[in-house]
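Quick notes on the structure that follows.
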Amino acid sequence: MAAAQSTMAFTGNSLDRAETRRADAAWLKALEQDGRSRALAFSNLSPRLSDDRLDWQPLSGFAADLPKVFLGLIGDSACYAVDVGDQDMPELYTDARTAAAILPVDESAIVAQGRSLLDWHARHGFCAMCGSRTEIRKGGLQRVCRSDSCQAEHFPRVDPVVIMLVTRGDHCLMGRQSRFPPGMVSALAGFMEPGETIEETVRREVHEETAVPVGEVRYVMSQPWPFPSNLMIGCLAEGLDDKITIDPQELESAGWYSRADVQAAFADDPSAGFTIPQPVAVAHHLLKAWLAE
Ligand SMILES: [Zn+2]
């Protein structure tokens, strides 16, 4: 389990997020003037890379009025994500999903943090309570309404999604959505609803999509998924019946796949007749965890 975490894209962020000092506005202000401070530029939420690494640049090189968030510290160096908007040289920027497959894992985690935060700030310039303008606080972990009579506090959201590999004996349940690449199948997934436990969401989603009843649910691993700000909660779940009735609104098809077939798919053996998600996705690691049991 631990090994899967450390090799999975968007996990293992090693920045010191400096939680206890973020409320100190004077400290944050000083960091913005500090020559050691550096920034990672995002254009339309795609990070700037150079030689397959994050392209950190001096913060002083960016216009002070660009939207930015303080991500944390690497040693003595404060690290920011800066939203540079549309750029003349889009080839310098790599979409986050592609970047995750290229970058060292801990650097992909910084992309996840920066992308999710910049996206949230871009969409929360106005107060959901009263409609007044909001302003950034704590380097980006909060916005506060400017209206004196409101002063509502708003916090960046994380939306939990369960992704579950339902297994029954030597087989696992996977489905296909029409948007998937041709031939690919994956674990089922769905958003949690207010007032649900992880286990309840797993059972509801599997039942909705395939009508398969689910017994025991076991948490295996989680992954930040910055599109825009999800937390994928990976589980293994016990199927209590074989019979599948798909919901055609959700799935194109679904079926039971044997361990041998999944192993063949991992080996890129065309005789498997299907492909599985790439290592950037938690589904890949759930399948691996199941095969290792
Ligand atoms: Zn307000």
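Looking at GLN223, GLN177, just one residue is of a type in the set (S, T, N, Q), in the same structural domain as ASP261 (by TED's automatic domain parsing) and touching a Phe, Trp or Tyr at 6+ places or on another chain (Cβ under 8 Å), and that residue is GLN223. Exactly one residue among ALA272, ALA292, ALA237 is modelled with pLDDT of 95 or more and either of a type in the set (S, T, N, Q) or surrounded by fewer than 22 Cβ atoms within 10 Å (Cβ to Cβ) (or both), and that residue is ALA292. Screening the candidates TRP290, TRP256 for the property of being of a type in the set (A, V, I, L, M, F, W, C) and over 29 Å from ALA100 (Cα atoms) yields one hit, TRP256.
ALA99 meets the conditions (1) within 24 Å of ASP65 (Cα to Cα); (2) in contact with a strand residue (DSSP E or B) (Cβ under 6 Å, 6 or more places away or on another chain) in every case but one. The failed one is (1). For the range 37-45, the count of residues that are assigned to a loop (DSSP other than H, G, I, E, B) and over 20 Å from ARG143 (Cβ atoms) is at least one. Candidates are the residues of the range 149-184 that are near the ligand (Cβ under 10 Å from one of its atoms) and assigned to a loop (DSSP other than H, G, I, E, B); the one that is nearest to GLY195 (Cα to Cα) is ALA152.
Determine, yes or no, whether GLU209 is free of Cβ contacts under 8 Å to residues at least 60 places away in the same chain and surrounded by 14 or more Cβ atoms within 10 Å (Cβ to Cβ).
yes
The range 62-147 holds strands (runs of 3 or more DSSP E) entirely within its bounds, and those carrying 1 or more residues that are surrounded by 15 or more Cβ atoms within 10 Å (Cβ to Cβ) and within 16 Å of the ligand (Cβ to nearest atom) map to 134-137, 142-145. Considering each residue of the range 13-54, count those that are loosely packed, with under 12 Cβ neighbours inside 10 Å, hydrophobic (A, V, I, L, M, F, W, C) and under 21 Å from LEU66 (Cβ atoms), and give that number. So the count comes out to 1. Remark: pairs (first residue in the range 133-151, among the small types (Gly, Ala, Ser); second residue more than 15 Å from the ligand (Cβ to nearest atom); Cβ separation under 6 Å; 6+ apart in sequence or on different chains) = GLY139/ARG22; GLY139/LEU28; GLY139/PHE70; GLY140/VAL69; GLY140/PHE70; GLY140/LEU117.
Select from the range 255-279 the residues that are more than 26 Å from the chain's Cα centre (by Cα), aromatic (Phe, Trp, Tyr) and over 20 Å from GLY234 (Cα atoms) and list them in ascending order. Once the filter is applied, which keeps residues that are more than 26 Å from the chain's Cα centre (by Cα), aromatic (Phe, Trp, Tyr) and over 20 Å from GLY234 (Cα atoms), the range 255-279 yields nothing.
The values are calculated or read from the model by the stated rules, or taken from the named source; none is laboratory data. Please read all numbers here as calculations on a predicted model, not as lab measurements. No Cβ is skipped: glycine too gets one built from the backbone with ideal geometry, and neighbour counts run over all protein chains shown.
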